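The values are calculated or read from the model by the stated rules, or taken from the named source; none is laboratory data. From a predicted model like this one, the values you see are computed outputs, not experimental measurements. Here the Cβ is made from the backbone with ideal geometry for all residues, glycine too, and neighbour counts use every protein chain on show. SASA here: full protein model, heavy atoms, side chains in, ligands and nucleic acids out. Shrake-Rupley method; radii C 1.70, N 1.55, O 1.52, S 1.80 Å.
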Amino acid sequence: MDLTPHLPALQVIVPMLSAPLVLLLKPRGLAWAGATAASVLSFAIALNMALIVVDGGRLHYDMGGWAAPYGIELSVGAFSALVLLIVTGAAAAAMIAARPSIDRQIEAGRQPLFYSAWLLALAGLAGIAVSADAFNIFVFMEISSLASYILIAGGPDRRALPAVFKYLIMGTIGATFYLIGVGLVYMMTGTLNLADMEARIVNVTDINPILVAAGFITIGLALKAAVFPLHVWLPNAYTHAPHMVTVFLAACATKVAIYVLIRFDFFVFQANLENHSLQFSLFLMPLALMGILVASAVAMFEGHIKRLLAMSSVAQIGYIILGASFITEAGLTAAAAHMFNHALAKGGLFLAIAGLACHYRDLRLDQLAGAARSMPWTAAALVICGFSLIGVPGTAGFISKWLLIDAAMDEGGLAWLLVAIIIISSLMALAYIWRIVETLYFRPAVEEPAPGEAPLQLLLVTWLVALANIFFGLFPQFPLALASAAAQLLMRHTL
Amino acid sequence: MNLLELLGYFNYWVFAVVLSVGLYTVIAKINLVKKLIGLSIFQSAVFLMYITMDKVEGGTAPIIQKGMENQIYSNPLPQVLILTAIVVGVSTLALGLAIVVRIFEAYGTIEEDEILDAD
């Protein structure tokens, strides 16, 4: 039987149906094995689809056999395939590595519940990426959000609770704003299918509700994506979450929201609203630039290693939004490529930190001094991923930074300002990564040295991701092919 | 815009007011349960907007009966959508309350300022 036409549906169904099954596997080793199998299978499905659509193709699937626009359509193009690779790759890598870290942080009896919530979060995030229906995206967004609130609050750190409450409030406001926007578009067009919306907005006589909808949708999704200054929920949530949850969510959760933002704005609004591209750029570009500068500056003076990297995530989201706000093919390619490369770098960094956390209870930089002497392999992987985050040539991060600078050069009068900001913020990244390196390698230890390396399972995956950072720095063809196919597809819809 | 037109949009005015009341409550209150109440009010406003737009004057439920084929029907789709959104809202509220319970267990208070002082 050929399963290829069913891949978009399976992408969601596999993790979603595994979630309740994992609950039944009481011996905790089995629950972990089940969740890992489902995550790896999802990754295999995503990889398979990416190979099919990398040449600019598209996979369609009509849910229940009802054709769009009446039924719910699933559709996977190059952009969604790239996002799916990030989501499922992060979930699979984190899940394989997770067991030693999870055993330390989550009591045995609650572990099946935790794994189940993990799979639901994966199903939700994958669902957002495959769906071509605006309301369906809302439902999947809430599935993934509710599951990630559970994951973040699941750890032993009580400070995670107020953090997750704040995330819940802001996330729900963001999702509700999106819902209002979708409602207004539906009111004027009578459809929820994204492609159908695009076709019908042309005939709308009173354009004001659509303008309001564009505002609600952009702000709602910017809240979910933690675009500066709507990022206040992010640092605490990432800092106090269980370490493996930080790996998973930091690599992909905000990027999925950015994906919906870009997709909605480019597919539905760009081609139809006069001056929309100008408004989109004028609104998002200053926010992106401020986010890049402010968040990098805060990260330079942050004392907790996880919060430092969380602030750096806010700056990296700024880069992605900046690339998108150019509204050029080069800019969008850079944005999409940076999504992928940042997921690799940040995922690797948080994996290495999860390794450190197996021996160091307190993750403030002062307490981690001299850790590289007792855990040289973990620290080395952390440095490689850190270099990728800065954008050192030969690592994945360099490729997308280079593309972004290249795209910024085409921006006419603004070009030099943009390039200067990108370079200054890269220097800031160098400063905060160097602080970590200095602490780990050159400062005398204050704590007792750790008894040894991180658990082998965790260490191997960390190194796999670190090597992937180098591999995609030297051979970036595949993600770049997806990114540029995505950019071409998005630009085709622009005026 | 004359008075009648303004009144014609009555439901949408209520939507805007309720939405603002909810959002204000979420931002202004420091008690976590009150914040959740505000969040629920905020979401209910959106339900009202969806239900309002599907109403067709004189429309009935879209059930085709023998001998009554020429009825005007209201649009059922937004109602189905909002049924889903209500479920989402209830789950969010339940999860939010569960988190508040755990915050109370861990901190002994549900006032935001006292929690911030505690850490």
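For the range B:98-107, the tally of residues that are within 8 Å of chain A (Cβ to nearest Cβ) and open to solvent by 80 Å² or more (accessible area, probe 1.4 Å) stands at 1. Selection of first residues in the range A:173-188 that are within 9 Å of chain B (Cβ to nearest Cβ) and open to solvent by 10 Å² or more (accessible area, probe 1.4 Å) and of second residues that are outside any helix (DSSP H, G or I) and at pLDDT below 90, restricted to Cβ pairs under 8 Å at least 6 apart or on distinct chains, gives the following pairs, ordered by first then second residue: A:Y186/A:L192. Of all residues in the range A:245-261, count the ones that are modelled with pLDDT under 90 and either open to solvent by 10 Å² or more (accessible area, probe 1.4 Å) or farther than 19 Å from A:K306 by Cβ (or both). Residues meeting the conditions: 1. Check whether at least one residue in the range A:64-75 is free of Cβ contacts under 8 Å to residues at least 60 places away in the same chain and under 25 Å from the mean Cα position of the chain (by Cα), and report yes or no. Looking through the range A:64-75, none of the residues is free of Cβ contacts under 8 Å to residues at least 60 places away in the same chain and under 25 Å from the mean Cα position of the chain (by Cα). Of all the numbered requirements in (1) touching a Ser or Thr at 6+ places or on another chain (Cβ under 8 Å); (2) of a type outside the set (G, A, S); (3) under 24 Å from A:A123 (Cα atoms), A:I262 misses one, and that requirement is (1). Within the bounds of the range B:14-30, is there any residue that is touching a residue at least 24 places away in the same chain (Cβ under 8 Å), of a type outside the set (K, R), within 14 Å of chain A (Cβ to nearest Cβ) and closer than 13 Å to A:I169 by Cβ? Looking for residues that are touching a residue at least 24 places away in the same chain (Cβ under 8 Å), of a type outside the set (K, R), within 14 Å of chain A (Cβ to nearest Cβ) and closer than 13 Å to A:I169 by Cβ, one finds at least one in the range B:14-30, hence yes.
Taking every residue in the range A:131-143 that is over 12 Å from A:M63 (Cβ atoms) and pairing it with any residue that is polar (S, T, N, Q) and crowded, with 24+ Cβ neighbours inside 10 Å, at least 6 positions away or on another chain, the pairs with Cβ-Cβ distances below 8 Å are A:I137/A:S131; A:F140/A:S131; A:E142/B:T92.
Applying the set (1) crowded, with 21+ Cβ neighbours inside 10 Å; (2) in contact (Cβ under 8 Å) with a residue 60 or more places away in the chain; (3) not charged (D, E, K, R) to A:A108 leaves exactly one unmet item: (1).
Being open to solvent by 10 Å² or more (accessible area, probe 1.4 Å) and either among the aliphatic types (A, V, I, L, M) or facing chain A (nearest Cβ under 10 Å) (or both): is that true of B:I110 here? Spelling it out, B:I110 is indeed open to solvent by 10 Å² or more (accessible area, probe 1.4 Å) and either among the aliphatic types (A, V, I, L, M) or facing chain A (nearest Cβ under 10 Å) (or both). Residues of the range A:343-370 that are modelled with pLDDT of 85 or more and among the hydrophobic types (A, V, I, L, M, F, W, C): A:A343, A:L344, A:A345, A:L349, A:F350, A:L351, A:A352, A:I353, A:A354, A:L356, A:A357, A:C358. Looking at A:F280, is it open to solvent by 30 Å² or more (accessible area, probe 1.4 Å) and among the hydrophobic types (A, V, I, L, M, F, W, C)? Here the answer is no, as A:F280 does not meet what is asked. Taken together, B:L39, B:L81, B:L77, B:L95 contain a single residue that is surrounded by 15 or more Cβ atoms within 10 Å (Cβ to Cβ), touching a Phe, Trp or Tyr at 6+ places or on another chain (Cβ under 9 Å), touching a residue at least 24 places away in the same chain (Cβ under 8 Å) and within 11 Å of chain A (Cβ to nearest Cβ), which is B:L81. Output the residues belonging to the range A:189-211 that are under 18 Å from A:F138 (Cα atoms) and within 11 Å of chain B (Cβ to nearest Cβ). Of everything in the range A:189-211, those that are under 18 Å from A:F138 (Cα atoms) and within 11 Å of chain B (Cβ to nearest Cβ) turn out to be A:G190, A:T191, A:L192. Which is farther than 24 Å from A:A97 by Cβ and open to solvent by 10 Å² or more (accessible area, probe 1.4 Å), of A:A487, A:A420, A:A429? Answer to the check: A:A420.
Of all the numbered requirements in (1) open to solvent by 10 Å² or more (accessible area, probe 1.4 Å); (2) modelled with pLDDT under 85; (3) more than 16 Å from A:G77 (Cβ to Cβ), A:F267 misses one, and that requirement is (3). Total residues in the range A:276-317 satisfying the condition of being assigned to a helix (DSSP H, G or I) and of a type in the set (F, W, Y): the figure is 2. Counting the residues of the range A:395-449 that are in contact (Cβ under 8 Å) with a residue 60 or more places away in the chain, assigned to a loop (DSSP other than H, G, I, E, B), more than 15 Å from A:G323 (Cα to Cα) and among the charged types (D, E, K, R) gives 2. If I ask for residues that are open to solvent by less than 10 Å² (accessible area, probe 1.4 Å) and assigned to a helix (DSSP H, G or I), which ones from the range A:373-385 would you list? Matches in the range A:373-385: A:T378, A:A379, A:A381, A:L382, A:C385.
The single condition from (1) surrounded by fewer than 16 Cβ atoms within 10 Å (Cβ to Cβ); (2) under 25 Å from A:R492 (Cβ atoms) that A:A44 fails is (2). For the range A:305-329, the tally of residues that are at pLDDT 90 or above and open to solvent by 10 Å² or more (accessible area, probe 1.4 Å) stands at 2. Here A:M63 meets the list (1) under 25 Å from A:A257 (Cα atoms); (2) surrounded by 24 or more Cβ atoms within 10 Å (Cβ to Cβ) almost entirely, failing just condition (2). Residue-level check: of (1) out of contact with any Lys or Arg (no Cβ under 7 Å at 6 or more places or on another chain); (2) closer than 27 Å to B:L116 by Cα; (3) among the small types (G, A, S), B:G38 misses just (1).
Only a single criterion out of (1) at the interface with chain B (Cβ under 8 Å from one of its Cβ atoms); (2) out of contact with any Asp or Glu (no Cβ under 7 Å at 6 or more places or on another chain); (3) open to solvent by 10 Å² or more (accessible area, probe 1.4 Å) is not satisfied by A:R159, namely (2). Any chance the range A:128-145 includes a residue that's touching a Leu at 6+ places or on another chain (Cβ under 7 Å), within 14 Å of chain B (Cβ to nearest Cβ), within 17 Å of A:Y238 (Cβ to Cβ) and among the hydroxyl-bearing types (S, T, Y)? Scanning the range A:128-145 turns up at least one residue that is touching a Leu at 6+ places or on another chain (Cβ under 7 Å), within 14 Å of chain B (Cβ to nearest Cβ), within 17 Å of A:Y238 (Cβ to Cβ) and among the hydroxyl-bearing types (S, T, Y). Got at least one residue in the range B:64-71 being surrounded by 12 or more Cβ atoms within 10 Å (Cβ to Cβ) and either more than 9 Å from chain A (Cβ to nearest Cβ) or modelled with pLDDT of 90 or more (or both)? Looking for residues that are surrounded by 12 or more Cβ atoms within 10 Å (Cβ to Cβ) and either more than 9 Å from chain A (Cβ to nearest Cβ) or modelled with pLDDT of 90 or more (or both), one finds at least one in the range B:64-71, hence yes. If you go through the range A:205-218 and keep only what is surrounded by fewer than 18 Cβ atoms within 10 Å (Cβ to Cβ) and not polar (S, T, N, Q), you end up with A:D206, A:I207, A:P209, A:L211, A:V212, A:G215.
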